[in-house]
Amino acid sequence: MTRVAVVGGGISGLAAAHRLRTLLGPDAAITVLEQRDRLGGVLRTVDLAGAPFDVGAEAFLVRRPEMLDLLGELGLSGSLTHPTPATATIRAGGRTVRLPRGTLMGVPGRAAELSGVLSAAGLAAVAAEPSMPLHWAPGDDVALGGLLRERFGPEVVERIADPLLGGVYAGRVDTLGLRATVPALAAALDAGASSVTDAATAGMTSGGQQPGGTLATGPGPAPAGPVFGAVRGGYREVVAALVAASAATVRTATTVRALERRPAGWRLVLGPVPAPEVLDVDAVVLAVPAPALRRLLEPVLPAAAAAAARIGLASSAVVALAYRRSDLHPPATSGCLVAADEPLSIKGVTHASTKWAHLGDDGLVRLRASLGRFGEEATLQVDDAELVARVRADLRELDGIDADPVAVHVQRWGGGLPQYGVGHGGTVAALESAVAAEPGLAVAGAMLHGVGVPACVGTARAAAGRIADRVVRAP
């Protein structure tokens, strides 16, 4: 009997377990080990005033195939839903305006529509950028914020790029690496673009898809078909279906304290120090955050552990609220991003009942606000009541909502999102190369090739494939 352990019960771990079952067949013994008392990782669905409501990841990019394929395999294609045509806005310069088009993740292209967002000085700086000398060597990587400040001035960073990328990574653009977060821009610069403006324009022409699960806001008509999708019953439907289809032994509230090599396979040391338990397996998939990965790999693969140690994490929080429709006028837009220099606590709000039709058909209006950026963890170190008070104050300012909510949920994500810094691609390459040299060991997760759900599923399926290949070929 083939025995495989999957460490981590988030979407990456569960998708890996499901793929392993498909590849190894019904006789394999697959065990999922999760430190928390629930599965799903940063996917979590709660009941908000009687409706399933996601308070972690909300939507996924349907122009990547991984999640759509998985839903099909799980028999959940009928649960797929798409956003309404409502458009998004941005709060910048003290005004709320339509999210500007013609940018590649906030980097202006030739046809960028920025007049409602930037000041006259900011617009002049953008117009002058194509004539500035550009010094770029193919393969270079820099902090995106530094490059944009140098080329366009501070307003593009604070009012456009930072809100867009902050929504994806809970990070600050000044610490995010260009090559990992906006690869289409890096590719255009490598290809010889004469300015950052022209590189952004070329990146949008090529599709502008980013690893975080977002697209360029290019000029002209939008591509045919929906861009994003969600599961009508919430991600908990996906989690439950993965557990059932994988037929894995699932152990929650179980800490994996150590990973050890055996002459054939691996040993996991589980549980508390005074009463350890061992689990011997043929192979292991590690689908855990970077700090836990570093701790487990350090004794057996110090080079891989050192690479994992270079990946930072950001903390954030989501506050979900439900209101009676009779108490307010539902916002007409899908949501609002907030510029980093605005005097507000939240970094964005999703008008969920406007964005998703199924969340507003019961006479209630549901919203979710996001708080927290990389390096600003202290702003979240207040109690739930204070977080809710800050969100409600900002909603009064942004949407004129002063009614009392009928339901509230506060979800904190400590270290929930990996940060894709300068040199992230090299870090991941070093990590994966070291792990690939070890028979029966693989890694998966958001720290590798994208923080979006489809990217996580992609790493999980790849990890399961490597494990199955090694197990099948093993003597």
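Selection over the stretch 47-78 of residues that are crowded, with 17+ Cβ neighbours inside 10 Å and closer than 26 Å to R324 by Cα gives a count of 11. In summary, A332 fulfils each of the numbered conditions (1) within 20 Å of R44 (Cα to Cα); (2) touching a helix residue (DSSP H, G or I) at 6+ places or on another chain (Cβ under 7 Å) with the single exception of condition (1).
So is V281 in contact with a Pro (Cβ under 7 Å, 6 or more places away or on another chain), modelled with pLDDT of 95 or more and of a type in the set (V, I, T) or not? Criteria not met by V281.
Return yes or no: is A317 in a helix (DSSP H, G or I) and either touching a Pro at 6+ places or on another chain (Cβ under 6 Å) or buried (at least 21 other Cβ atoms within 10 Å of the Cβ) (or both)? Answer is no for this residue.
Tell me yes or no: at least one residue of the stretch 182-195 is assigned to a helix (DSSP H, G or I) and hydroxyl-bearing (S, T, Y). Looking for residues that are assigned to a helix (DSSP H, G or I) and hydroxyl-bearing (S, T, Y), one finds none in the stretch 182-195, hence no.
Exactly one residue among V288, V269, V256 is touching a strand residue (DSSP E or B) at 6+ places or on another chain (Cβ under 6 Å), among the aliphatic types (A, V, I, L, M), within 16 Å of T31 (Cα to Cα) and surrounded by fewer than 20 Cβ atoms within 10 Å (Cβ to Cβ), and that residue is V269.
Among the residues of the stretch 19-43, the ones that are over 21 Å from the mean Cα position of the chain (by Cα) and not hydrophobic (A, V, I, L, M, F, W, C) come to 8 in all. If you go through the stretch 391-403 one residue at a time, do you hit one that is touching a residue at least 12 places away in the same chain (Cβ under 8 Å), surrounded by 21 or more Cβ atoms within 10 Å (Cβ to Cβ), out of contact with any Cys (no Cβ under 6 Å at 6 or more places or on another chain) and within 19 Å of A170 (Cα to Cα)? Yes.
The set of residues in the stretch 8-46 being surrounded by fewer than 19 Cβ atoms within 10 Å (Cβ to Cβ) and either within 30 Å of A357 (Cβ to Cβ) or modelled with pLDDT under 95 (or both) consists of R38, V46. Cβ-Cβ distances below 7 Å connect the following pairs, each with a first residue in the stretch 323-336 that is at negative phi and part of a strand (DSSP E or B), a second residue that is buried (at least 19 other Cβ atoms within 10 Å of the Cβ) and of a type in the set (K, R), and a separation of six or more residues or different chains: C336/R91. Note on the stretch 254-308: enclosed strands (runs of 3 or more DSSP E) holding 2 or more residues that are β-branched (V, I, T) and under 31 Å from the mean Cα position of the chain (by Cα) are 283-286. A Cβ distance below 7 Å, combined with a sequence gap of six or more or placement on separate chains, defines the contacts here; from the stretch 128-140, residues that are among the charged types (D, E, K, R) reach residues that are buried (at least 16 other Cβ atoms within 10 Å of the Cβ) in the pairs E129/R151; E129/F152; E129/S195; E129/V196; E129/T197.
Filtering the stretch 339-354 down to residues that are assigned to a helix (DSSP H, G or I) and more than 19 Å from the chain's Cα centre (by Cα), which residue is surrounded by the most Cβ atoms within 10 Å (Cβ to Cβ)? In this case the residue turns out to be S353. The residues in the stretch 126-169 that are touching a strand residue (DSSP E or B) at 6+ places or on another chain (Cβ under 9 Å) and either surrounded by fewer than 16 Cβ atoms within 10 Å (Cβ to Cβ) or outside any helix (DSSP H, G or I) (or both) can be counted, and the count is 3. The C-beta contact set for the stretch 23-47 (first residue without any contact (Cβ under 8 Å) to a residue 24 or more places away in the chain and not assigned by TED's automatic domain parsing to the domain that holds A292, second residue of a type in the set (G, A, S) and outside any loop (DSSP other than H, G, I, E, B), distance under 8 angstrom, 6+ apart or interchain) is empty. Considered as a group, the residues in the stretch 79-91 that are within 30 Å of E113 (Cα to Cα), more than 20 Å from the chain's Cα centre (by Cα) and not hydrophobic (A, V, I, L, M, F, W, C) include one that is surrounded by the fewest Cβ atoms within 10 Å (Cβ to Cβ), and that residue is P85. Determine whether the stretch 454-464 contains at least one residue that is in contact with an Asp or Glu (Cβ under 7 Å, 6 or more places away or on another chain), of a type in the set (A, V, I, L, M, F, W, C) and within 27 Å of A51 (Cα to Cα). Yes. Apart from one condition, A436 fits all of (1) surrounded by 22 or more Cβ atoms within 10 Å (Cβ to Cβ); (2) modelled with pLDDT of 95 or more; the exception is (1). Put simply, of L80, L20 the only residue that is assigned by TED's automatic domain parsing to the domain that holds S334, touching a strand residue (DSSP E or B) at 6+ places or on another chain (Cβ under 7 Å) and among the aliphatic types (A, V, I, L, M) is L80. Taking helices (runs of 4 or more DSSP H) as the structural unit, those lying wholly within the stretch 424-475 and holding at least 2 residues that are of a type in the set (K, R) and touching a helix residue (DSSP H, G or I) at 6+ places or on another chain (Cβ under 8 Å) correspond to 453-473. When A369, A444 are checked against the criterion of being under 27 Å from D141 (Cα atoms) and out of contact with any His (no Cβ under 7 Å at 6 or more places or on another chain), a single residue qualifies: A444.
Note on the stretch 439-472: residues that are surrounded by fewer than 24 Cβ atoms within 10 Å (Cβ to Cβ) and of a type in the set (V, I, T) amount to 2.
The values are calculated or read from the model by the stated rules, or taken from the named source; none is laboratory data. Keep in mind that what you see is a predicted model, and the values were worked out from it rather than measured. Methodologically, a virtual Cβ is constructed for each residue, glycine included, from the backbone with ideal geometry; neighbour enumeration extends over all protein chains shown.
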